[in-house]
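Enquirer: Following this message is one structure expressed as structure tokens.
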Amino acid sequence: MRGSVTGTAVLLAAGALLTAAMTTATASPPVTATTQPRVGTSPSHTGASQPVLVDCLWNRTVRPGDFILACGDGNSRLTGLHWTEWSPQGATAVGTNMVNDCKPYCAAGSFHAYPVTVRLDDTEPWKKHPDVQRYSRISLTYQEGRPEGFKQVMTYPLWD
């Protein structure tokens, strides 16, 4: 019994450290109002005229290459994002949604890659910085296959 408890504790601690490392790796420095967007770079930053994408660490970016969707455990993230549009009306990218199947449980699960089209929209002032417009909604359209229980189009609110 004691070995089982110890093994579980070690596994949970390793999962927490992995989640912290994955979350920290996507952090970006704050954006300044004088920084101009650089088309085709990832991540790039923006001035006040461009809407931003706020991540789970409250950093703002423009055209990020990666983005964590499941901040609590890192079990869903967008990778390899290539942006074709970024404007106050919306942003569009193609990339991959890496999703953990959590079978038999999340720490022992496997990640699977699903090609997606990402759409950001519904800009509104960011509560933390009311002079900055941020995207408040993200939609993922699965191109071929999708995680178990997901619809072809999944829409989520974004952090404020």
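Values in this text are rule-based calculations from the coordinates and carry no lab data. All values derive from a computational prediction rather than experimental measurement. A quick note on method: Cβ atoms are made from the backbone with ideal geometry, for glycine too, and the neighbour counts reach across all protein chains shown.
Enquirer: Taking the number of other C-beta atoms within 10 Å as the exposure measure, put W83, W58 in order starting with the fewest.
Expert: W58, W83
Enquirer: Can you list which of the trypsin sites (Lys or Arg not before Pro) found in the range 73-160 are DSSP loop residues with at most 12 other C-beta atoms within 10 Å? Each step should come with its number before you reach the end.
Expert: Values: sites: R77, R119, K127, K128, R134, R137, K151; in loops: K127, K128, K151.
Of the trypsin sites (Lys or Arg not before Pro), the ones in loops of the range 73-160 whose Cβ has at most 12 other Cβ atoms within 10 Å are K127, K128, K151.
Enquirer: Excluding residues fewer than 8 places away in the same chain, name every one of the lysines whose C-alpha is closer than 29 Å to that of K103.
Expert: Leaving aside lysines fewer than 8 places away in the same chain, those within reach of K103 are K151.
Enquirer: Could you calculate the FRET efficiency of D122 with L57 from 1/(1 + (r/R0)^6), where r is the beta carbon distance between them and R0 is 25 Å, rounded to 0.05?
Expert: 0.70
Enquirer: For F150, project a label point 7 Å along Cα to C-beta. Then give me every residue of the range 79-109 with its amide nitrogen under 15 Å of that point.
Expert: Output list for this probe position: 79-81, 93-103.
Enquirer: Starting with the fewest neighbours, write out T61, T155, T92, T84 ranked by other beta-carbon atoms found within 10 Å of each beta-carbon.
Expert: With the fewest neighbours first, T61, T155, T92, T84 line up as T84, T155, T92, T61.
Enquirer: So, counting K/R as plus one and D/E as minus one, what does the shell of residues with Cβ under 15 Å around T79 add up to?
Expert: In short, 0.
Enquirer: Right, next: Determine, for E148, E124, the number of other Cβ atoms within 10 Å of each Cβ, and report the residues in order from fewest to most.
Expert: E148, E124
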